[in-house]
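Below are the structure tokens for one structure; questions will follow.
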Amino acid sequence: MKITSKQYVLRWIMIAISFLIISLILWNTYRFFQTFKEEERVKMENFSQAQIELGKIIDLNGNISDFPLKIIQSNTTTPMIIEDSEGHFQSKNIQQSQSDKQEYLENLSLKFSNENTPIEIIYEGKTLSTIYYGNSDLLNKLKYYPFALVLIFLLFSGIVYFYYKSSRTASQNKLWTAMAKETAHQIGTPLSSLIGWTELLKTEAVNPSYIDEIEKDIHRLETITERFSKIGSMPLLKATNIITATQESFNYLESRSSKLITFKMNAPKGEILVDLNPELYSWTIENLVKNGIDAMKGEGHIELLIQTTDAMVLIDISDTGIGLSKKLFTRVFETGYTSKKRGWGLGLSLSKRIIEEYHNGKIRVLRSESGEGTTLRISLKRL
């Protein structure tokens, strides 16, 4: 218990440290972004001052000083629009194809004014021009860096979570497999004794019909033992007549169910071959029929219909139970879901795994109405 508690505390410490590191990185990124933005502001203010100097710094020979020219020419990254006193727009560091379109530049200047405060160039009390500037490409990329970082963190957290969850599920599966195999082993011993006692009864003056029924139940126990022993291993599939396999399970359940429940099975004549594991398939049919019986609370009608298409076999199992709402059509196959006071909610989940993972088929709720009953459909490929 101490080890589990320590692991739990350690896990939360690691999560807290991870969040702290991410928070520090995001904060430093934000600070760097603001600092870089301030530096671009200073650079643009120097640019505006250089524009002013161009208008007034002329030496005696009529030459313009090189310094303001160098400042203006060195700014090659910040997109800007210069509006003169007459409302004409000029651009710098903007896509060439759009740089001479006045309407485009006017709209872009409004966008830039929302990003950064425009800079007015004032000389001798007059506003000569106004500079609108946007964020440079580097600044725009930095703006999305925190989001990318958070996304990477979330993806990493998701991978760790799913790895932890899958490891935990694998451990649980190993435990269930061990329990199932042990159950099969425990059932095997008294089952062997029952077989011996049955053979002894055959030598006595006992009604043969009684012995036949006992042998059916013993065969049933052998099938259940076989199922449990195969849990955790890949089942062997073989070409099987699905009508016969379905009929056997259906008839057995009918003979062991209440007389208040009527059973009906409709199937085509002849053989329909499907790659099946007969023991697991019969387990599925039992689960679906028993689920219908439970939904009817001991009284009603169960109907099984087998149909074929060119490539598929469709097995529909219908009951006259309480029905399902549409939001439960998928949820009923989740492990642990049950509407009964007693039960572990494994029947339909197990059936789904048998059909879809082992037989490459499909199982779903075909239709259901409240108070009218439910129809479940199994779809399997024909041979």
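Which residues, counting only those in the range 99-144, are touching a Leu at 6+ places or on another chain (Cβ under 8 Å), surrounded by 14 or more Cβ atoms within 10 Å (Cβ to Cβ) and either of a type in the set (A, V, I, L, M, F, W, C) or part of a helix (DSSP H, G or I) (or both)?
121
Only one residue in 251, 266 is of a type in the set (S, T, N, Q) and out of contact with any Leu (no Cβ under 9 Å at 6 or more places or on another chain). Which one?
Exactly one residue qualifies, and that residue is 251.
Those residues that are out of contact with any Lys or Arg (no Cβ under 8 Å at 6 or more places or on another chain) and closer than 22 Å to residue 310 by Cα, I need them from the range 248-284; list them, please.
265, 266, 267, 268, 269, 270, 271, 281, listed by residue number.
If you check residue 85 against the conditions, is it within 23 Å of residue 46 (Cα to Cα), modelled with pLDDT under 85 and in contact with a helix residue (DSSP H, G or I) (Cβ under 8 Å, 6 or more places away or on another chain)?
no
Just give me the residues in the range 144-162 being of a type in the set (Gly, Ala, Ser) and closer than 14 Å to residue 19 by Cβ, in sequence order.
Once the filter is applied, which keeps residues that are of a type in the set (Gly, Ala, Ser) and closer than 14 Å to residue 19 by Cβ, the range 144-162 yields only 157.
Right, something else. Restricting to the range 226-247, give me the number of residues that are modelled with pLDDT under 75 and on the phi < 0 side of the Ramachandran plot.
Going through the range 226-247 one residue at a time, the tally reaches 8.
Okay, residues lined up against (1) of a type in the set (Ser, Thr, Tyr); (2) modelled with pLDDT of 85 or more; (3) over 15 Å from residue 379 (Cβ atoms); (4) crowded, with 19+ Cβ neighbours inside 10 Å:
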| position | (1), (2), (3), (4) |
| --- | --- |
| 292 | no, yes, yes, yes |
| 311 | no, yes, no, no |
| 330 | yes, no, yes, no |
| 346 | no, no, yes, no |
| 360 | no, yes, no, no |
| 364 | no, yes, no, no |
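The values are calculated or read from the model by the stated rules, or taken from the named source; none is laboratory data. Bear in mind the structure is a predicted one, so any value in this text is a computation, not a measurement. Every residue, glycine as well, gets a Cβ built from its backbone with ideal geometry; the counts of neighbours run over all protein chains shown.
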